Amino acid sequence: MSKPPRLTLPPSARARSLATERGEFAAHEAGEPALGTALLVPGFTGSKEDFVGLLEPLTAAGYRVVAVDGRGQYESTGPRDEAAYALPELARDLSAQAAALGAAERPVHLVGHSLGGLVARAAVLRDPAPFASLTLMSSGPGAIDPAQQERTKLLVAALELLGDDMPAVWAAMRAQDPADAAPDAPDLVEFLRERWLATVPEQLIATGRILISEPDRVAELAAVELPKLVLSGAVDYAWPVPWLDAMADRLGARRVVVPGTEHSPNAEDPATTARALIGFWADSSGFDRAVFSK
């Protein structure tokens, strides 16, 4: 799971509710859209807090940044119904969020981390018009690595059995942490537990199934006329780095590896990650779909 580098928002940021035609979503917002707006989408078991380290450098560069909790994820409400968290439904939510951020007048830069990348891809394939660019951050071509699929299947099974006792599932998960893992700070431990308990179990079940069953849709995405960036750490347990390298080649996408990081470069080295995003967005600012298609 992603662990935020800190839990306090920078002075320039605020917590808000993002109202859309598909409901309200908890969000962190910072900056003014001098150069554009970025919509940041978290991964499985994650939340908007995973992007807190990116807010200051991205806003300092001239961007408005909005990080969201998806439906049923942490501080965004959602129903106890797995169908509500099917990938097409989550993709429609992103399109609605982009619309609420003014995408009809100025398309937004879309950044999806891990599972959020699969949701972002689905939104772009559904309708690329609201988006100025797509960044797939630590998010691969389809289902996750087989070893991680097995772990996710066990978690889904536990949630199906014990979804009404989320503290028990949390305790079982943390019991699997490596014995030699560095201990988390007490406030981070409390936040991670609170986030887990606040997330709707059906959201975790449905999105866990997406991670273990999503087909390879790279060829479809490659045909979409949109600037694309594949960004990851130097090591990734969910989608091995060679998979991400090959996906970037197939997409004709820019490829960035953040040294010294693993599955969450946004949290592990936000400064370097932000520089990569800023450079990509700056180079994408003159993108012309008509020219791209020739």
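Test G31 against the stated conditions and say whether it is of a type outside the set (S, T, N, Q), over 30 Å from Q176 (Cα atoms) and surrounded by 19 or more Cβ atoms within 10 Å (Cβ to Cβ).
So G31 passes the test.
Does A246 satisfy being of a type in the set (A, V, I, L, M, F, W, C) and over 22 Å from L55 (Cβ atoms)?
Against the criterion (of a type in the set (A, V, I, L, M, F, W, C) and over 22 Å from L55 (Cβ atoms)), A246 qualifies.
Can you name the residue in segment 15-31 that is of a type outside the set (G, A, S) and touching a strand residue (DSSP E or B) at 6+ places or on another chain (Cβ under 6 Å) and, of all such residues, is farthest from R121 (Cα to Cα)?
R16
Name the single residue that is surrounded by the fewest Cβ atoms within 10 Å (Cβ to Cβ) among those in segment 58-72 being within 18 Å of the chain's Cα centre (by Cα) and not in a strand (DSSP E or B).
Filtering first and then ranking leaves R71.
Residues that are loosely packed, with under 13 Cβ neighbours inside 10 Å, at pLDDT 95 or above and farther than 22 Å from V41 by Cα: does segment 194-217 have at least one?
No.
Determine whether segment 3-22 contains at least one residue that is crowded, with 23+ Cβ neighbours inside 10 Å and either in contact (Cβ under 8 Å) with a residue 24 or more places away in the chain or not in a strand (DSSP E or B) (or both).
No, segment 3-22 contains no residue that is crowded, with 23+ Cβ neighbours inside 10 Å and either in contact (Cβ under 8 Å) with a residue 24 or more places away in the chain or not in a strand (DSSP E or B) (or both).
Of the residues in segment 29-49, how many are assigned to a strand (DSSP E or B), on the phi < 0 side of the Ramachandran plot and of a type in the set (G, A, S)?
Counting residues in segment 29-49 that are assigned to a strand (DSSP E or B), on the phi < 0 side of the Ramachandran plot and of a type in the set (G, A, S) gives 2.
Taking the residues in segment 155-193 that are in contact (Cβ under 8 Å) with a residue 60 or more places away in the chain and closer than 19 Å to F44 by Cβ as candidates, determine which candidate is least open to solvent (accessible area, probe 1.4 Å).
L192
In the list G112, G36, G78, G46, which residue meets the criterion of being open to solvent by less than 10 Å² (accessible area, probe 1.4 Å) and closer than 25 Å to E160 by Cβ?
G46
Restricting attention to helices (runs of 4 or more DSSP H) lying wholly within segment 99-190, give those where 2 or more residues are modelled with pLDDT of 95 or more and touching an Asp or Glu at 6+ places or on another chain (Cβ under 9 Å).
115-126
Could you tell me whether E220 is touching a residue at least 24 places away in the same chain (Cβ under 8 Å), open to solvent by 50 Å² or more (accessible area, probe 1.4 Å) and part of a helix (DSSP H, G or I)?
So E220 passes the test.
The values are calculated or read from the model by the stated rules, or taken from the named source; none is laboratory data. Predicted model, so just to flag it, every value in this text is computed and none were measured. Note that each Cβ is placed from the backbone with ideal geometry, even for glycine, and that neighbours are counted across all protein chains shown. Each accessible area value is taken on the protein alone, full model and side chains, heavy atoms only, with ligands, DNA and RNA left out. Shrake-Rupley method; radii C 1.70, N 1.55, O 1.52, S 1.80 Å.
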